[in-house]
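Novice: Below are the structure tokens for one structure; questions will follow.
The values are calculated or read from the model by the stated rules, or taken from the named source; none is laboratory data. All of these numbers come straight from a predicted model, not from anything done at the bench. We place every Cβ from the backbone using ideal geometry, glycine too, and count neighbours over all the protein chains shown. Ligands, DNA and RNA are stripped out before the accessible areas are found, and what is left, the full protein with its side chains, is counted by its heavy atoms. Shrake-Rupley method; radii C 1.70, N 1.55, O 1.52, S 1.80 Å.
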Amino acid sequence: MQSWGTTSRFNERDTGKEPSKSGVLGLLAAAMGIDRENWTDLEPLTKLTMGVRHDREGIPKRDFQTAGCAKGDAIIRANGTKTDEDDPGIISNRDYLADATFLVGLEGDNRELLERIHTSLLNPKWPLSLGRKSYVPSESIWIESGIQDSSLLDTLTRWPWIANHRMWEAPPEQLRISIESTDGTGSLRMDQPLSSFALRRFGSRFVCSLLVPCPKEASHVSA
């Protein structure tokens, strides 16, 4: 289960069809021990170019959740106060992706930063999550030999197919790659962090999509 919302408001929690940049950087910040108020250490991560390969598209799902809606229930609000019997409680719809597998790559000129990111994923400082705190990876998301000297697009194109956990599942003929555009073309995404996660300010970026042949070789890496 994973959820990569970019337009969530109040009790409606959406998810995109692929990992968002804000979500991926949030995961990396947790791995590296970057506090949600720490913009100084987060900012270099935001300058990296991100690409996503859809190794298994996944299935859109929706949860209907309630909290504090039964008589006598009480929940703690964000401001620390408790609800009472006259409070209607919280009802929310939460979208997520089930059974999806993505290969995510980051590209930049600062090799030392990329190496620190790679090391932190092997030994994360804080617990990692796939978009929501309750969506914990079932396996390590660290990839051996994750630092490559080739371009982001070339690496995503040739890297072995990672969604090979099931012996009965044949690899698709093509895989979709969504890669950050540097020339302002592609579809608009509002998931570029402009501040620390505590302030929650996000700007725009552009993402281009293309189809590439699925590599014949397979590699066992978790989603």
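Novice: Please report, as a whole percent, how much of the solvent-accessible surface of the chain comes from carbon and sulfur atoms (probe radius 1.4 Å).
Specialist: C and S atoms contribute 51 percent here.
Novice: Under 16 Å from a label point 7 Å along Cα→Cβ of Asn123: give me every residue in the stretch 16-54 with its amide N that close.
Specialist: Hits in the stretch 16-54 for Asn123 at 16 Å: 31-34.
Novice: Let me ask something else about it. Write down the accessible area per residue of the stretch 151-223 in Å², having rolled a 1.4 Å probe over the full set of protein chains.
Specialist: 59
Novice: How far is helix 21-32 tilted, in degrees, relative to the longest principal axis of the Cα atoms in the chain, given as a value from 0 to 90 rounded to the nearest 10?
Specialist: 90
Novice: So, one more: Local charge sum around Ile34 (other residues, Cβ-Cβ under 13 Å, Lys/Arg +1, Asp/Glu -1)?
Specialist: My count for the surroundings of Ile34 gives -1.
Novice: Quick check: from the Cα gyration tensor, does the stretch 104-213 come out rounded (a/c under 1.5), prolate or oblate?
Specialist: Values: a/c = 1.42, a/b = 1.12, b/c = 1.27.
Verdict is rounded for the stretch 104-213.
Novice: Run the 1.4 Å probe and let me know the accessible area of Thr7, rounded to the nearest 10 Å².
Specialist: Roll a 1.4 Å probe over it and Thr7 shows about 90 Å².
Novice: Then there is this: Taking all protein chains together and a probe of 1.4 Å, list Arg13, Arg205, Arg62, Arg189 from the most accessible to the least accessible.
Specialist: Values: Arg13 85, Arg205 15, Arg62 135, Arg189 65 Å².
I get Arg62, Arg13, Arg189, Arg205, largest accessible area first.
Novice: Here's something else I'd like to know. Taking a 1.4 Å probe, which of Ser138, Ser92 shows the most accessible area, and what order do the others take after it?
Specialist: I get Ser138, Ser92, largest accessible area first.
Novice: Here's a follow-up. Could you tell me the center-to-center distance, by alpha carbons, between the stretch 191-208 and the stretch 32-55 in angstrom?
Specialist: The distance from the Cα centre of the stretch 191-208 to that of the stretch 32-55 comes to 10 Å.
Novice: Now for a separate question. Between Ser138 and Leu113, what is the label-point separation in nm under the 7 Å Cα-to-beta-carbon projection?
Specialist: It works out to 3.4 nm between the two label points.
Novice: While we're here: Using only helices, what value at 222 nm comes out for the chain when you add -39,500 (n - 2.57) per DSSP H run of length 4 or more and divide by the total residues, to the nearest 500 deg cm²/dmol?
Specialist: Estimated from H runs of four or more residues: -5000 deg cm²/dmol.
Novice: To the nearest 20 debye, what charge dipole does the chain have about its Cα centre, counting +1 at the Cβ of each Lys and Arg and -1 at the Cβ of each Asp and Glu?
Specialist: So the dipole magnitude of the chain works out to roughly 300 debye.
Novice: Still on this structure: Roughly how much of Glu112 is accessible, in Å² to the nearest 10, using a 1.4 Å probe?
Specialist: Probe radius 1.4 Å; accessible area of Glu112 about 100 Å².
Novice: With every protein chain kept in the model, how would you rank Lys216, Lys17, Lys61 by accessible area, 1.4 Å probe, largest at the top?
Specialist: Order by accessible area, largest first: Lys216, Lys17, Lys61.
Novice: Pick out which of Ile147, Ile90, Ile59 has the largest mean-square fluctuation in a Gaussian network model of the chain, springs linking Cα atoms closer than 10 Å.
Specialist: Maximum fluctuation in the GNM of the chain, among the listed residues, is at Ile90.
Novice: If each residue of separation counts as 0.36 nm, what is the full-extension length gain between Ala74 and His165 once their alpha-carbon separation is subtracted?
Specialist: So the chain would gain 28.5 nm between Ala74 and His165.
Novice: Next question. Leu122 accessible area, nearest 10 Å², 1.4 Å probe?
Specialist: 90
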